[in-house]
Amino acid sequence: MMANPLLNPHDEGGDLAPLRAEIAALAARMIAQDGADYAGAKRKAARQVLGEARANGQRDALPDDLQVEEAVRQYHALFNADTQPARLRHLRATALDVMEKLAEYSPYLTGAVLNGSAGAHDDIRLQVFADSAKEVQIYLLNHNVDIDISESDHYRGPRFDPVETVSFLWHGEGVHVELYELNDLRGARKQKSGDRPARIDIGELRALLDE
């Protein structure tokens, strides 16, 4: 009997692409069904496919976030085609409403609501650019928005300090707003996620909703 390459990821010269695809598909199901985060879903999926010991020693078998993101979109297309498009449009419209309220702070939409993979468990993720994080926090409090404060990884990666993030409910939807300094805006405009923009502004989101 021929060995299954998916069960033998250490075979010399073996192609890891099918294994990554299997892990990505399983992780996508966890994300779409349960709202799992990408990193946790990938680790759990790898343990289920490879077993605990192999998963710990087979880091190169993990798919990257872009592959998982595409698998999430495929999952929604197969299993949630009757509900996910309307859910995505609702989240984008809600994001636009928040962005218009925060227009003076150069808001940008990012994350699953931008890339089209958002489903029932996803929140809205925004980035704003201001002279100080406190300025945005005070603005929201003055408009009677109850906020929680946490931190998020900087979009430039782990070499940069985390940024303060305010979270709140807006018409029943969770919103997380990362608070960047003004000098971060120039680099943010240049970033892409694969072949797609990593973030879009108010005008671009309006155009997306009009399509």
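The numbers here are math on the coordinates, done by the rules we state, and not lab data. Since the structure is predicted, the reported quantities are computational estimates derived from the model, not experimental observations. FYI the Cβ positions are ideal-geometry reconstructions off the backbone, even for glycines, and counts take in every protein chain you see.
Per residue, the average separation of C-alpha pairs within less than 8 Å and at least 6 apart gives the stretch 98-211 a relative contact order of 30 percent. Of interest is the spacing of the C-alpha centroids, which for the stretch 139-153 and the stretch 99-137 amounts to 12 Å. Peptides 92-98, 170-176, 153-159, 204-210, ordered by how many other C-beta atoms sit within 10 Å of their residues on average, highest first, read 92-98, 170-176, 204-210, 153-159. The Cα trace of the stretch 130-205 gives Rg and Dmax of 13.5, 39 Å, the first to one decimal, the second as a whole number. For the chain, DSSP calls about 70 percent of its internal beta bridges antiparallel. Computed from label points 7 Å out along Cα-Cβ, the spacing between HIS121 and ASP201 is 3.5 nm.
In degrees between 0 and 90, to the nearest 10, how far off the longest principal axis of the chain does helix 17-34 point, with axes built from Cα atoms? Result, in degrees: 50. In summary, the aspartates and glutamates within cross-link reach of LYS190, defined as a Cα separation below 20 angstrom excluding same-chain residues under 8 places away, comprise ASP65, ASP153, ASP161, GLU178, GLU181, ASP201, GLU204.
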